[in-house]
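Read through the structure below, which is laid out as structure tokens, and then see the notes.
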């Protein structure tokens, strides 16, 4: 039967040219746009942040180990980093360190390079998934590459794990598509090996077996014994990696039972699901940290949380049901795109509260591939006359330009800790009203943002700015004890000892098992001249953290000043074992021996200390005193003058007395 003139077929809108030249032009265009949008990340001002970068790179001993030890230590399941097991990720960071130390450009170049590879893999994956539709492939890839929600995964060095696991994940999906086409037995082995590599880069890869089943459905593969058996090894690996990840996360990242109710956690999950879709279309008010909502007087959530489940139910069940009822050809693309997004985001929807943020931009890195595919399938589905085609292309171009501009503006937020946390604070500030001694919290902000920015200011000697950030948290009476300890340290530097002791007391009230608080209070007591209190605090710190060199060194110094020489000698033996050089151990023992009038033994230790560290003025001055006590005035004068040159306050009267005696 012929079709009537008034009716036409309803083909998808496609770019006519599918030639290799067209593909290369599309790929080159994508690379140029992505590089432009991320160019601010290559700035010379780029620094590591104090959010996880210290744990992954700057203070991470695993990446500094020797080549023979590196692989064994990184792949050991006991060598997890920041409560995550991702040895391949750490191996790449170790390689960066071996090549450039802590020069950040190497790390950033790697992140960006892997991201661009991922963009190209997305292009190829969608190209074959959409039956070589260039329009869908191009825009899915470019949106994946420049969506501002993905900036966190690329510009944050610690998120190497995100771009790396995605790389192997996408390679695995592409290999599976090839396997479905060729049916060659070795194809599934390649898929499996790439899946393991993805899991060893980040445990978030564990849903891949379900995505493989989803690909079977989309490509119309029959579910038979072979299709089931070939997935069993994948599910075994997923189970093992999942159990390992859960065991490690339970050491600190998972919120304790009772913090939120099961109902509230369900609302959090639905809210996150909806907000990820909202920010896909309107990527505004992005933040590195999205705090949990402030509960009402009866633990009530904001109204949006109660509405979110209805949106989720509509997206996941109602719309596909209606498409099924109408036998709409969009059913399969809709189910694939929505299921892909849901499967990949489900593990981070806070059904069980992990960490202190309700959602995170980086969690959309892979899931948005399904979202973009679904959106573009809908756009290209309907029959379009010329004028509507133009409108469609204007929309696609405009949306792409908006994403590019927003991405370009978002990247500099990750320049350093100040820019990062200032951005978070601008979105979630504390609002505090103070009248006399009465303090009222009008709005709660992000505690970690003020703490980490304060730490950044303190480390860069911007004490007034650091004080302001810490003081905001003190006024808000936050639970974090180190905030009060940091404030106490700042008061101590200003010799405001009363306020310092008040802050130390508040820190200990919140956590009486933190060694740093006792260590810092002990140092402050030492400045105040209260040696007995200082020694007591150092002993408490040593009890909480045994064999810590800094604690034991401070304790030895205070015991020496308190003339407890026998204890100093015993403690010095431990210091020598704990330190690679041991110069402080020799210094303290030598000084204690001299005070016990064991001059020759003491001088021997001090000379050993001086040979290890000849620039320590205290050693040279004590040697001068020791030699003067045994009447060796020439050596006493030599070490006195050396100590003075090094900055020790040697009096002219003392030097003159040595010179006169010498004459």
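The values are calculated or read from the model by the stated rules, or taken from the named source; none is laboratory data. Nothing here was measured: the structure is a model prediction, and the numbers come from that model. All Cβ positions, glycine included, derive from the backbone under ideal geometry; neighbour counts span all protein chains shown.
Suppose we filter 424, 439 for residues that are part of a helix (DSSP H, G or I) and either surrounded by 16 or more Cβ atoms within 10 Å (Cβ to Cβ) or in contact with a helix residue (DSSP H, G or I) (Cβ under 8 Å, 6 or more places away or on another chain) (or both); which single one remains?
Matching residue, one of 424, 439: 424.
Restricting to helices (runs of 4 or more DSSP H) lying wholly in the range 174-261: which have 2 or more residues that are modelled with pLDDT under 95 and farther than 26 Å from residue 124 by Cβ?
225-229, 232-249
Quick check, is residue 411 in contact with a strand residue (DSSP E or B) (Cβ under 9 Å, 6 or more places away or on another chain) and buried (at least 20 other Cβ atoms within 10 Å of the Cβ)?
No: the conditions fail for residue 411.
Can you find a residue that is touching a strand residue (DSSP E or B) at 6+ places or on another chain (Cβ under 9 Å), surrounded by 13 or more Cβ atoms within 10 Å (Cβ to Cβ) and in contact (Cβ under 8 Å) with a residue 40 or more places away in the chain anywhere in the range 292-308?
Looking through the range 292-308, at least one residue is touching a strand residue (DSSP E or B) at 6+ places or on another chain (Cβ under 9 Å), surrounded by 13 or more Cβ atoms within 10 Å (Cβ to Cβ) and in contact (Cβ under 8 Å) with a residue 40 or more places away in the chain.
Take the residues in the range 442-461 that are assigned to a loop (DSSP other than H, G, I, E, B) and surrounded by fewer than 16 Cβ atoms within 10 Å (Cβ to Cβ); name whichever of them is farthest from the chain's Cα centre (by Cα).
Checked the range 442-461; the qualifying residue farthest from the chain's Cα centre (by Cα) is 461.
Select from the range 322-354 the residues that are in contact with a helix residue (DSSP H, G or I) (Cβ under 8 Å, 6 or more places away or on another chain), modelled with pLDDT of 90 or more and surrounded by fewer than 17 Cβ atoms within 10 Å (Cβ to Cβ) and write down the one among them that is farthest from residue 372 (Cα to Cα).
Selected residue: 324.
Quick one: residue 279 ticks every box in (1) over 23 Å from the mean Cα position of the chain (by Cα); (2) modelled with pLDDT of 90 or more except a single one, so which number is it?
In the conditions (1) over 23 Å from the mean Cα position of the chain (by Cα); (2) modelled with pLDDT of 90 or more, residue 279 misses (1) alone.
Out of 498, 537, report the one residue that is surrounded by fewer than 18 Cβ atoms within 10 Å (Cβ to Cβ), free of Cβ contacts under 8 Å to residues at least 60 places away in the same chain, more than 31 Å from the chain's Cα centre (by Cα) and over 30 Å from residue 601 (Cα atoms).
On inspection, the qualifying residue turns out to be 498.
Within the range 153-172, identify whether any single residue is touching a helix residue (DSSP H, G or I) at 6+ places or on another chain (Cβ under 8 Å), surrounded by 22 or more Cβ atoms within 10 Å (Cβ to Cβ) and over 30 Å from residue 286 (Cα atoms), and answer yes or no.
Checked the range 153-172: at least one residue is touching a helix residue (DSSP H, G or I) at 6+ places or on another chain (Cβ under 8 Å), surrounded by 22 or more Cβ atoms within 10 Å (Cβ to Cβ) and over 30 Å from residue 286 (Cα atoms).
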